[in-house]
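Here the structure is laid out as structure tokens; the discussion comes afterwards.
The values are calculated or read from the model by the stated rules, or taken from the named source; none is laboratory data. Because the structure is a prediction, the values reported are computed rather than measured. Every residue, glycine as well, gets a Cβ built from its backbone with ideal geometry; the counts of neighbours run over all protein chains shown.
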Amino acid sequence: MRAAVYRNEQIQIEDMPMPKMKGKGAIVKVIGCGLCGSDIVKLKHASVRDGSVLGHEVVGRIVEINSDSDFMPGEKVVMGHHVPCFACSYCYGGNYSMCRKFKKSNIIPGGFAEYIFVSEDHLMNTVFRVPEYIDDELISYTEPLGCCIRAIKRTGVDFNSNILIVGLGSIGLLMGQAAKNMGYKPFGIDLLQERADLAKKMGFENAFVLLDDIEDIVSDMKLEVNANGFDAVIMTSGSDSAIPLAVDAVRDGGTINVFSSVSSDISGYMNNQIYYRELTVTSSYSSSPVDLEEAFDMLIGNSVNVEGLSVKYPLENINDAIQDTLTNQIMKAYIEL
């Protein structure tokens, strides 16, 4: 089968053996797979093991199955790639993505391959049957939207609170729409006017463009929203400027959710701001099975609009997709197999 394999710090298309059934589970023929921002980060920092196949935003069709679930060969499915154990201290506390089994579990070999093996645990917890009338590209957003839903929950603000989304790429636009569906008032900010305009079309209360001066734009936003600042700020941008922006924009006693990595661990750590203003700083990077189900339902119910967020590329052109994403030519790529 064809697969996009990481070799010597680059992606190349190779033939590799099809995955085999390992006990109970299913072999799924991949229809398409979204290129996630986390894939891009791993490639930028060369933190991928040689011989790996990336990709986890998978929609596909079951071709072989041995399972106690009620899935059948021929059915179209979408899935999450990690499964918690539901029995450790992390899971009991609702912190599923810290579960050791969660971190070790995965689809095999990865979504940028023609076929994958999906375990029984996946079938029972993170795989969803997709109606044939649902667009493949649309439903591939289940996993990233699930991550957004969990981030909003972990932000922990009251119903109807104002939430500022910093960064309006595909994740920021999903985050704002999810927040609105969950009963919050989403606002957005980005460097690009076209992304701010798109956010407003997708139901954000308003969206702003970050010009040169953070202080000026924060003052403008507070004049419109609340003189004290936003109840919460969710950082979907990995830019260093996102940190001081978030701290300036959030109200005293508010919450900042870090939903992105930055170039340096120490960059922008504002101890005294956090201390004297009693800010809550939290983070989130993945989803739980419940979040995936909620995301699936939002997409099936047309509560979230993903039209125009991604551009389709054949597997053979995956390097073009990666480069176009890195250079902001596109927001997101969907790889067709």
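Restricting attention to the range 84-95, the residues being modelled with pLDDT of 95 or more and within 18 Å of the chain's Cα centre (by Cα) number 1.
Every residue, every condition in (1) at positive phi; (2) surrounded by fewer than 17 Cβ atoms within 10 Å (Cβ to Cβ); (3) out of contact with any Leu (no Cβ under 6 Å at 6 or more places or on another chain), yes or no:
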site	(1), (2), (3)
Leu123	no, no, yes
Asp135	no, yes, yes
Ile149	no, no, yes
Gly156	yes, yes, yes
Phe159	no, yes, yes
Asn162	no, no, yes
Lys180	no, no, yes
Tyr184	no, no, yes
Leu192	no, yes, yes
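From the list Leu326, Leu292, Leu309, which residue is closer than 25 Å to Ala196 by Cβ, buried (at least 18 other Cβ atoms within 10 Å of the Cβ) and out of contact with any Asp or Glu (no Cβ under 6 Å at 6 or more places or on another chain)? Exactly one of Leu326, Leu292, Leu309 is closer than 25 Å to Ala196 by Cβ, buried (at least 18 other Cβ atoms within 10 Å of the Cβ) and out of contact with any Asp or Glu (no Cβ under 6 Å at 6 or more places or on another chain), namely Leu309. Looking across the range 137-165, the residues that are among the hydroxyl-bearing types (Ser, Thr, Tyr) and over 12 Å from the mean Cα position of the chain (by Cα) come down to Thr155, Ser161. When Leu145, Leu123 are screened for being more than 30 Å from Ala249 (Cα to Cα) and assigned to a helix (DSSP H, G or I), only Leu123 passes. Taking the conditions (1) surrounded by fewer than 19 Cβ atoms within 10 Å (Cβ to Cβ); (2) touching a residue at least 24 places away in the same chain (Cβ under 8 Å) in turn, Gly176 satisfies each one other than (1).
Restricting attention to the range 302-309, does a residue exist that is under 21 Å from Asp39 (Cα atoms) and either of a type in the set (Gly, Ala, Ser) or in a strand (DSSP E or B) (or both)?
Yes, because at least one residue in the range 302-309 is under 21 Å from Asp39 (Cα atoms) and either of a type in the set (Gly, Ala, Ser) or in a strand (DSSP E or B) (or both).
Go through the range 270-289 and give me each residue that's charged (D, E, K, R) and not in a loop (DSSP other than H, G, I, E, B). So that I can check it myself, show each step before the final result.
Step one: of the range 270-289, the residues charged (D, E, K, R) are 277-278.
Correct list: empty.
None of Ile165, Ile171, Ile234 is part of a helix (DSSP H, G or I), modelled with pLDDT of 95 or more and under 18 Å from Ile149 (Cβ atoms) except Ile171. Collect the residues in the range 58-80 that are in a strand (DSSP E or B) and aliphatic (A, V, I, L, M), keeping them in residue-number order. Passing the criteria: Val58, Val59, Ile62, Val63, Ile65, Val77, Val78, Met79. Of all the listed residues (Pro19, Pro73), the sole one being of a type outside the set (S, T, N, Q), without any contact (Cβ under 8 Å) to a residue 12 or more places away in the chain and touching a strand residue (DSSP E or B) at 6+ places or on another chain (Cβ under 8 Å) is Pro73. Any residue at all in the range 50-60 that is among the acidic types (Asp, Glu), under 27 Å from Val306 (Cβ atoms), crowded, with 17+ Cβ neighbours inside 10 Å and in the same structural domain as Asp15 (by TED's automatic domain parsing)? Yes, the range 50-60 contains at least one residue that is among the acidic types (Asp, Glu), under 27 Å from Val306 (Cβ atoms), crowded, with 17+ Cβ neighbours inside 10 Å and in the same structural domain as Asp15 (by TED's automatic domain parsing). Tallying residues that are in a loop (DSSP other than H, G, I, E, B), among the aliphatic types (A, V, I, L, M) and over 18 Å from Asn106 (Cα atoms) within the range 17-56 yields 1.
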